[in-house]
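Data block below; observations after.
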Amino acid sequence: MPTKIPSQPDFPSNLTITITNPPTPTSTPSPNILLLLHGLGDSAAGFTPFGRAINLPETTVLTLQAPAPLPFDLGGFHWGDDVAFDTSTGGLDMDAGLGKSTTFIRDLVRDVLIQKCGYRPREILVLGFGQGGMAGLSLARELGMSKTGNGEVISEPLAGVISIGAPYPLSGSRAGQKNRTPVLLVSGRDSSAVSEAAVKRTKEVFEFVEVSRYARKGDGMPSNRDEMLPVMQFFARRLRSRQGVPEGSVELG
């Protein structure tokens with residue numbers, strides 16, 4: 001089927017999603033979809049400016065909001081099956097089970113982007129921060145083992161998953177063959193979340209895993225060009241182009 005440009009009416013009415021069109025709009029659909037998944041306690045509105053700032057050519061950016069609001073008037077949303085606290089830090093635990101949200105995102109990708117809009121998995125790339133990164137990695141594994149409404153097995157890997165500050169979750173299954181979706185893990189040099197054991201766990205699930213660590217401490221979003229460079233390079237390798245991707249076209253605003 002021909003590819004169509006995703007629009008708000010294509011998505012379920014109960015879904016909160018923002019659509020950022022390519023910097024140079026055309027009448028034909030862009031060859032790439034970038035799905036952004038925000039971190040624990042954030043929202044689609046809070047993460048959308050990042051999608052605009054990276055200004056990717058020939059790429060439609062979809063910023064998806066997690067389905068569950070945080071309790072206790074904490075504000076923001078989360079991807080977990082539950083809300084759990086990390087006993088070592090006292091903060092909220094990212095790895096609180098991701099089964100419901102993985103199914104939620106998988107159905108959106110499979111039913112809307114693939115079946116309704118005509119995109120192939122190879123044309124869909126995911127970038128997630130924190131718990132959103134875990135959800136993106138879970139999505140890639142789940143989608144690679146799922147079926148369409150016609151009963152066809154989706155065996156083609158996604159274009160890639162960039163997970164900032166989070167590995168494949170402990171709560172996720174590691175059974176079956178390794179997934180061929182390329183993965184980039186980004187973290188601070190002292191990351192307790194993206195530890196060597198966590199990298200090893202991610203490599204048990206995915207065949208191609210790169211790790212990039214900031215020179216600084218902390219697992220925040222990239223804050224300068226040096227920290228963004230590995231992400232830019234991953235985009236350059238994995239995004240498709242009808243015109244070629246100009247060198248240096250992916251920059252933070």
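Each reported figure results from applying straightforward, stated rules to the coordinates on display, with no laboratory input. Bear in mind the structure is a predicted one, so any value in this text is a computation, not a measurement. As a convention, Cβ positions derive from the backbone with ideal geometry for all residues, glycine included, and neighbour counts pool all protein chains shown.
Which ones in segment 162-184 are free of Cβ contacts under 8 Å to residues at least 40 places away in the same chain and either in contact with a Leu (Cβ under 8 Å, 6 or more places away or on another chain) or crowded, with 24+ Cβ neighbours inside 10 Å (or both)?
As a first pass, look at segment 162-184 and keep what is free of Cβ contacts under 8 Å to residues at least 40 places away in the same chain: 163, 167-168, 173-180.
Matches in segment 162-184: 163, 167, 168.
Within the set of pairs 6+ apart or on separate chains, which have a first residue in segment 1-22 that is without any contact (Cβ under 8 Å) to a residue 40 or more places away in the chain and farther than 14 Å from residue 61 by Cα, a second that is among the small types (Gly, Ala, Ser) and surrounded by 16 or more Cβ atoms within 10 Å (Cβ to Cβ), and C-beta atoms under 8 Å apart?
So the pair list comes out empty.
Residue check: is residue 35 of a type outside the set (Lys, Arg), under 18 Å from the mean Cα position of the chain (by Cα) and within 20 Å of residue 10 (Cβ to Cβ)? Break it down into steps so the answer makes sense when it comes.
On the way: of a type outside the set (Lys, Arg): yes; under 18 Å from the mean Cα position of the chain (by Cα): yes; within 20 Å of residue 10 (Cβ to Cβ): yes.
In short, yes.
In segment 185-212, what residues are surrounded by fewer than 23 Cβ atoms within 10 Å (Cβ to Cβ) and closer than 22 Å to residue 239 by Cα?
The answer is 206, 207, 208, 209, 210, 211, 212.
If I ask for residues that are closer than 17 Å to residue 51 by Cα and not aromatic (Phe, Trp, Tyr), which ones from segment 124-148 would you list? Spell out how you get there, then give the answer.
Residues of segment 124-148 that are closer than 17 Å to residue 51 by Cα, as a first pass: 124-130, 132-133, 136.
Selection gives 124, 125, 126, 127, 128, 130, 132, 133, 136.
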